[in-house]
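Have a look at the structure below before the remarks.
Please treat every number below as a calculation from the coordinates, not as lab data. Everything numeric here is computed off the predicted structure, so don't read it as measured data. Ideal geometry is used to build each Cβ from the backbone, glycine not excepted, and the neighbour counts take in all protein chains shown.
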């Protein structure tokens, strides 16, 4: 963009003649009060980076467990980990009688989860995401149309 040097100097001189802008007298106490309120907020209301390390670790573990539950462990566990879990479960001989009673119920629950609940959850999340984006786009469009017709 080509700017006329004389015009640039004229604008610069005129801006330098303007008095310095001062903040309103009540602004500084308001800003200090807001900063104090942020500092006094409990850890769970702060940014994630300001959480205690134990809370961050617990959150990461919970998030990984949620991913494992939604993907039935396929996203986090490879074949070696699954094989290790199977050998660990067979070595727990004290629970074999209870396990033999509860295993069919667990298998039925897992089958229901894999065939019905998991796809519905994934489709529901995708649908919610698409609807969110549609609402965002429509809201932006309506706002721009309303602002264009009445800019005051």
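Would you calculate the separation in nanometres between label points at residue 12 and residue 138, each defined as 7 Å from the Cα along the Cα-to-beta-carbon direction?
Rounded to a tenth, the inter-label distance reads 5.3 nm.
Using only the alpha carbons of the range 104-152, what is the convex hull's orientation-averaged projected area in square nanometres?
So the mean shadow area of the Cα hull is 4.0 nm².
As an exercise, use a Förster radius of 25 Å and the Cβ-Cβ distance of residue 110 and residue 58 to find the FRET efficiency, rounded to the nearest 0.05.
With R0 = 25 Å, the Cβ-Cβ based efficiency is 0.45.
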